[in-house]
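Below: one structure, written as structure tokens.
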Amino acid sequence: MPNTPTHDFLTVASSVVMTPALFSLMRVSEVSQPSAVIVASVVCAAHNVSGLLFSPDLDLDSRIHQRWGILLFVWKPYKWMIPHRHFWSHGLVLPPLLRLGYFFMMLLGILFVLESVLRYAGLPLPTWHAAIATQCIDWLVAHPIITLSTAVGFVTGGAVHSIADWIVSSGKKLVRVLFATRRSPAYARKQVPWSGVHTRWLFDPFSDDHPRHY
Ligand SMILES: [Zn+2]
């Protein structure tokens, strides 16, 4: 599997290619320059945040956790709940958006607990968590282009990671099948049967299929 620095490089490099391409595509489609700049910038930022901070590898102990500092504990339940390299972490489209929703819900949950504890201690506080949730949802509904651009960037940021894992996993499997020979019994013992390139884990939430480390 690609390690974290490789995934980081792929995330940043793909955004460097994707952002001007997206900007050019919008300009060709007669989108105004200011709108094209805003959309391309938001997609680029969301793509990098998704790949570097909200990485699919939050489903295991990885360098990504260290990037969250004191908020590291927010991702512990996620790591416990989500099987490693399963659709729910590494699948395309839905999982990156679920990570964003999960993070938002966890922050609201923490705020709710804080409010409840302080209220119990005699400090009558307003329900900030409800007000923040309502304001965020209202803002997202009122700015559909920004919302959609953010969602697209989050999806592409996760997809670059998952596709890189898929390519490396399948490539290593293919090399082992092709080159494990009788001349190398120790290597041949580990030989794996070629049963096609697994792709269900990228698309199927109900699949038990997730690529092994070869
Ligand atoms: Zn991964």
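The values are calculated or read from the model by the stated rules, or taken from the named source; none is laboratory data. Only a predicted model underlies this, so the values are computations on that prediction, with no experimental measurement involved. Here Cβ is always computed from backbone atoms with ideal geometry, including for glycine, and neighbour counts include all displayed protein chains.
Observations on the structure shown:
- Selection count where residues are without any contact (Cβ under 8 Å) to a residue 12 or more places away in the chain and part of a loop (DSSP other than H, G, I, E, B), scope the stretch 1-17: 1
- Check on I145, loosely packed, with under 14 Cβ neighbours inside 10 Å, without any contact (Cβ under 8 Å) to a residue 24 or more places away in the chain, under 25 Å from the mean Cα position of the chain (by Cα) and assigned to a helix (DSSP H, G or I): no
- Unmet criterion (only one of (1) closer than 30 Å to S170 by Cβ; (2) modelled with pLDDT of 95 or more) for P95: (2)
- Residue in the stretch 166-183 that is assigned to a helix (DSSP H, G or I), among the β-branched types (V, I, T), under 28 Å from S50 (Cα atoms) and at pLDDT below 90 present: yes
- A single entry from T11, T19 fulfils the requirement of being at pLDDT 95 or above, away from the ligand (no atom under 16 Å from the Cβ) and more than 30 Å from L125 (Cβ to Cβ): T19.
- Residue list for the stretch 32-83, filter: farther than 19 Å from F104 by Cα, crowded, with 16+ Cβ neighbours inside 10 Å and within 16 Å of the ligand (Cβ to nearest atom): S62
Here's the yes/no breakdown for (1) touching a residue at least 12 places away in the same chain (Cβ under 8 Å); (2) buried (at least 17 other Cβ atoms within 10 Å of the Cβ); (3) of a type in the set (V, I, T):
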residue	(1), (2), (3)
A121	no, no, no
L125	no, no, no
H129	yes, yes, no
T134	no, no, yes
D138	no, no, no
V160	yes, yes, yes
